[in-house]
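These notes concern the structure reproduced below.
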Amino acid sequence: MSTLSNKLKEEYSAHIDCLQQRTKQALSYEKIEGVVIHSGQEIKAFLDDNAYPFRVNPHFKHWLPLIDVPNCWLIVNGEDKPTLIYYQPVDFWHKVIPLTDDYWHEFFHIKVLTQASEVDKLLPYDKKDFAYIGSHIEVAKALGFEDINPERLLNYIHYHRAYKTAYEQVCLRQSNALAVKAHIAAKRAFLNGGTEYSIQSAYLSAIGYTTDETPYGNIVALNKNCSVLHYMALDKTPPQLHKSFLIDAGANFNGYAADITRTYAFKQDKFADLILRMNELMLNAVNGLKPGVNYVDLHIATYNEVAKVLAEFNFIKVSAETAVESGIVSTFFPHGLGHHLGLQVHDMGGFMADERGTHINAPDNHPFLRTSRTVEAGQVFTIEPGLYFIDSLLRTLKESAYSDQINWPKVDEMRDYGGIRIEDNIIVHQSHNENMTRDLGLD
């Protein structure tokens, strides 16, 4: 058995114990006996017999690393060994995923379901004391569930999901290891003059992925396309000149996501200098990620540092302080500093003040923040400051009362490079930060 397999096996028991304890407490608030968690089912395209790629319910994969099998169910009450209803049909049209022996099996009573429509025979007969957790509401109602995705219960689970068990941290390190390997291959493809499409192919090939297996659609952008925050066009034609490359791409391991971004210059030019400066800024933000720090405050501090970069590189004619006061920094840094990471790329619980789900609003002048929560040990974050030259935002700024604060010739020189984003994945420990991305060798 490999070192990784041994580590997963060692940590999994404590992970299940933790989830059982959380479930027991949540059920006491809801005053019900248990929960039934649906892995999900395939969704057909409209007027078609083809299905969209299957995405498992995150609540289901929190318990066990089954991420590609629809029509499975978990029955959990926080005390007894959970029951797994595993879907294994007789099917000659599609590949059936057999239930093979693995480290997690001993923690579940496993029942095999051969016909999805007969699952009610294996579910609790009286469902009034069980809540359904999943996205297929009509299925839940047809089966007789009345308590469907209860808000209090989900709030409790989402709040505590921010604290990652040792098992989850092992999975996140491994997803980062896969993503780092692929990022290195993508960088090499860029420096060899690849197209967006061929760079994407190099990324996927490095870890043996299809496009459906990444946790989100990879952003692979050259030159001006780097200014499109969620660019996914994948041009198959090379640009006349390679200037810049931004890749925001991740990987999955046992259902846990990596989310890493890098930006590169093709030559050692002013843009390369700007990347180095933004990398320094990004690592300083990572150092500021500490237990007890409010994530909003860290974002605002980084926002102020971006203003200093704008002044240092003469993109603005005013001081950094004035740029912050006028809000022009948001033209160049229009998104939040980062987000929680885990079972989902933008993991749940980021705006929760407590396990009841009390919402903490993002500041009005920083509306795109994805978390407003106080940082604590055991939480996992991305840190991803950016600096962009986005035509539509620059046009609005040029037409505003603050146009004279901008050194437009300097800004115009950068438009063809698009922009910069650098993103690492961080586990916050009580005594230090663990930068999984850098520790695995991605500079």
Problem set entry | Pairs beyond 25 Å (Cα-Cα), from Lys224/Lys267; Lys181/Lys290; Lys236/Lys410 | Lys181/Lys290; Lys236/Lys410
Exercise. Length gain on complete extension for the stretch Thr211 to Asp354, per 0.36 nm per residue less the alpha carbon to alpha carbon distance?
Worked result: 47.8 nm
Problem set entry | Distance between modelled label sites at Ser135 and Asp439, nm, 7 Å Cα→Cβ extension | 3.2 nm
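Considering only DSSP states other than H, G, I, E and B, which trypsin sites (Lys or Arg not before Pro) in the stretch 157-251 qualify as loop sites with at most 11 other Cβ atoms within 10 Å? Don't skip to the answer; put the middle values down first.
On the way: sites: Arg161, Lys164, Arg173, Lys181, Lys187, Arg188, Lys224, Lys236, Lys243; in loops: Lys164, Lys236, Lys243.
Qualifying residues, ordered by number: Lys236.
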Problem set entry | Length-normalised contact order of the stretch 302-370 in % [C-alpha pairs under 8 Å, at least 6 apart] | 25 percent
For this session: Would you mind computing, in nm to one decimal, how far apart the modelled labels at Val293 and Arg152 are, each placed 7 Å from Cα along Cα→Cβ?
Result: 3.6 nm
Seminar exercise, completed: In degrees rounded to 10, the 0-90 angle between helix 196-207 Cα long axis and the longest Cα principal axis of the chain is 40 degrees
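Nearest 20 debye, what's the magnitude of the dipole of the stretch 115-222 about its Cα centre given +1 on Lys and Arg Cβ and -1 on Asp and Glu Cβ?
620 debye
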For this session: Return the loop-located trypsin sites (Lys or Arg not before Pro) in the stretch 251-338 (DSSP other than H, G, I, E, B) with at most 14 other Cβ atoms within 10 Å of their own Cβ; answer none if there are none.
Result: Lys267, Lys317
Exercise. If the chain between Lys181 and Glu312 were fully stretched, how many nm would it gain, using 0.36 nm times the residue separation less the Cα-Cα distance?
Worked result: 43.8 nm
Exercise. From the Cα gyration tensor of the stretch 267-402, with a ≥ b ≥ c the square roots of its eigenvalues, which class applies: rounded if a/c is under 1.5, or else prolate if a/b is larger than b/c, or else oblate?
Worked result: prolate
Exercise. Among the aspartates and glutamates, which fall within straight-line cross-link reach of Lys111, defined as a Cα-Cα distance under 19 Å, with same-chain neighbours fewer than 8 residues apart omitted?
Worked result: Asp68, Glu79, Asp80, Asp91, Asp101, Asp102, Asp120, Asp126
Problem set entry | Within the accessible area of the chain (1.4 Å probe), percent carbon and sulfur | 51 percent
Exercise. Once fully extended, how much extra length lies between Asn192 and His346, figured as 0.36 nm per residue of separation less the alpha-carbon to alpha-carbon distance?
Worked result: 52.2 nm
Exercise. Taking Cα atoms, how many degrees apart are the long axis of helix 270-287 and the longest axis of the chain, rounded to 10 and kept between 0 and 90?
Worked result: 50 degrees
Exercise. Where only protein heavy atoms count, and the probe is 1.4 Å, what is the accessible area per residue for the chain in Å²?
Worked result: 46 Å²
For this session: Run the numbers on the chain and let me know its relative contact order in percent, using alpha-carbon pairs under 8 Å that are six or more apart.
Result: 15 percent
Seminar exercise, completed: Taking only Cα atoms of the chain, the Rg to Rh ratio with Kirkwood Rh works out at 1.00
Exercise. Longest span of the chain, sites excluded, free of chymotrypsin sites (Phe, Trp or Tyr not before Pro) in DSSP loop with at most 13 other C-beta atoms within 10 Å?
Worked result: 126-367
Seminar exercise, completed: Simple spin-label estimate for Asn50/Asn304, 7 Å along Cα→Cβ, in nm, reads 5.3 nm
For this session: Calculate how steeply helix 166-191 sits against the longest principal axis of the alpha-carbon atoms of the chain, using the helix alpha-carbon long axis, and give the answer as 0 to 90 degrees to the nearest 10.
Result: 40 degrees
Problem set entry | In the stretch 355-443, the trypsin sites (Lys or Arg not before Pro) that fall in loop regions by DSSP, at most 13 other Cβ within 10 Å | Arg356
Exercise. In percent, how large is the relative contact order of the stretch 1-124, given Cα pairs closer than 8 Å and 6 or more residues apart?
Worked result: 23 percent
Exercise. Applying 1/(1 + (r/R0)^6) with R0 = 41 Å to the Cβ-Cβ distance of Ser403 and Lys236, what FRET efficiency is obtained, to the nearest 0.05?
Worked result: 0.60
Exercise. Lys24: which lysines have alpha carbons under 16 Å from its alpha carbon, excluding same-chain residues fewer than 8 sequence positions away?
Worked result: Lys81
Seminar exercise, completed: Whole-Å distance linking the alpha carbon centroid of the stretch 288-342 with that of the stretch 242-268 is 21 Å
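The values are calculated or read from the model by the stated rules, or taken from the named source; none is laboratory data. Only a predicted model underlies this, so the values are computations on that prediction, with no experimental measurement involved. Cβ sites come from the backbone with ideal geometry, for glycine too, and all protein chains shown count toward neighbours. These area figures cover heavy atoms from the full protein model, side chains too; ligands, DNA and RNA do not enter into them. Shrake-Rupley method; radii C 1.70, N 1.55, O 1.52, S 1.80 Å.
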